[in-house]
Amino acid sequence: MSEAIAVLNAGSSSIKFSLFEGAELNLVVRGQAEAIHTAPRFVAKDPAGTTVSTYAWAEGSPLRHDGALQHIVEFVREQLGATPLAGIGHRVVHGGMQYAQPVRVDGAVLNDLAQFVPLAPLHQPHNLTPIRLLLERRPELPQVACFDTAFHRAQPELAQMFALPGELHDAGVRRYGFHGLSYEYIASVLPQLDPNAASGRCVVLHLGNGASMCALSAGRSVASTMGFTAVDGLPMGTRCGALDPGVILYLMDQRGMDARAIEKLIYSESGLLGVSGISSDMRTLLASDAPRARLAVDLYVYRIGRELGSLAAALGGLDAIVFTGGIGENSAEIRERICREAQWLGVKLDEQANRDGKSRISLPMGSVETWVVPTNEELMIARHTRRVLHA
Ligand code: ADP
């Protein structure tokens, strides 16, 4: 009898879920409970995107992760019918130095993972909440943690180093890189799409609310823009990206800001939102005539262009680039602007294909193949979960 695997991706205000079934891990249903602290609502859709279930709680009746999880578990149970649930795979942003592979979670592993909360304060505590709740209530249900850092653990040591005293490197102060599940998924589809890129030098641009870029050499991560935490690298929706560490000292000494105030500034008040003063949402900024909205988008594209050069240097050249994530998959305008910045690297955009939403968006005579590939982190988690459970 075929079995099912559920995938959970818990954030600060939402829990997303997907249910996969059968040998091919076909998607059965996906959805989320969102705004769980304010005006909670639940929606589930079939693979074609048709809504199959909704529920809204009364406004001002905070549901929290506990209630949201309960609703999802009940819904999944109904969907499963007689199909057995093999286990649940979780997205966990930080696996630290120890966890270079997905792992089956028990109480000891959970305690380990809690140590990385300070390294990913926006994500890690929320990622762990449903694991803890399920361990308490359904201890017999196998759970697997899949890490956004794991794919990058095979990077060359130099790519993982800061120029800090060695003792700090040994203690784990190093570049981890994130969005690894997304990059691993893209690397897994590249062989069918573009065998040259799959065996060659490729930069993947994961441009969503969080944004980073990864250099793949023969499908393996060799460098990425995110570092010790997911605040490094590119400017994002509300995160600042790479920052001279001297700015932090200045803010402490001259502005009297403490760690929590700086954390709020660099994680929640910067990036597209901070520069524009208008929104963290790329659609809003692209639709705005406000000079500061334009400036935010200009800075975003400029920083991506520079990082692309840096990652191409790490690869010693470039055979292909891949756009993914909410902005990468949906914004022809941002892709066009990035490709214009990257002409010197040999990127030649097919503007019509780009506007038409095609998968290959480079002209035939360009030396760098350019692709748009929707990411599928949930499927990657389901694959890992199945493998770990059957190992
Ligand atoms: P997350 O990192 O939270 O998973 P997503 O990958 O869903 O985020 O990306 C969200 C971002 O994608 C938002 O900034 C949103 O404005 C942007 N986005 C989605 N669709 C479009 C579009 N058609 N044009 C421009 N930006 C878009």
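All of the numbers you see were taken from the coordinates with simple rules; none came from a lab. Every value quoted in this text rests on a predicted model; they were computed, and no experiment measured them. All Cβ positions, glycine included, derive from the backbone under ideal geometry; neighbour counts span all protein chains shown.
A few comments on the model shown:
- Convex hull volume per residue for segment 62-170, taking Cα atoms only, in Å³: 118 Å³
- Unit Cα scatterers, Debye sum, segment 6-122: log10 I(q)/I(0) for q = 0.12, 0.21 Å⁻¹: -0.51, -1.22
- Considering segment 171-262, its Cα convex hull presents a mean projected area of 7.1 nm².
- More than 23 Å apart - percent of Cα-Cα pairs taken over segment 260-391: 47 percent
- Along its principal axes, segment 329-391 has C-alpha extents of 46, 21, 18 angstrom, given from the largest down.
- Both radii are taken from the alpha-carbon atoms of the chain; with Rh as the Kirkwood radius, Rg/Rh is 0.96.
- Highest-MSF residue in the chain out of Asp66, Asp289, Asp350 [GNM, Cα springs under 10 Å]: Asp289
- Separation between Cα centres of segment 231-261 and segment 102-116, rounded to whole Å: 29 Å
- Shape class for segment 109-263, computed from the alpha carbon gyration tensor (a ≥ b ≥ c): oblate, with a/c not under 1.5 and a/b at or below b/c.
- Each of Val73, Val144 was scored by other Cβ atoms within 10 Å of its Cβ. Arranged with the fewest first, they read Val73, Val144.
- Exposure proxy for Cys339, Cys202: other Cβ atoms within 10 Å of each Cβ, ordered fewest to most, give Cys339, Cys202.
- Fewest-first ranking of Ser18, Ser310, Ser331, using other Cβ atoms within 10 Å as the exposure measure: Ser310, Ser331, Ser18
- Qualifying GluC sites (Glu not before Pro) in segment 20-76, DSSP loop, other Cβ atoms within 10 Å at most 11: Glu24, Glu59
- Per residue, the chain reaches -12000 deg cm²/dmol at 222 nm when only DSSP H runs of four or more residues are counted, each adding -39500 (n - 2.57).
- Sites listed here are trypsin sites (Lys or Arg not before Pro) in segment 350-391 whose DSSP assignment is loop and whose Cβ has at most 14 other Cβ atoms within 10 Å: Lys358.
- Listed residues Phe20, Ser217, Ala6: farthest to the positive end of the dipole of the chain (Cβ charges): Ser217
- Once C-alpha pairs closer than 8 Å and six or more residues apart are averaged by separation and normalised to the residue number of the chain, the relative contact order reads 14 percent.
- Fluctuation leader among Pro121, Pro235, Pro62 - the chain, Gaussian network, Cα springs under 10 angstrom: Pro62
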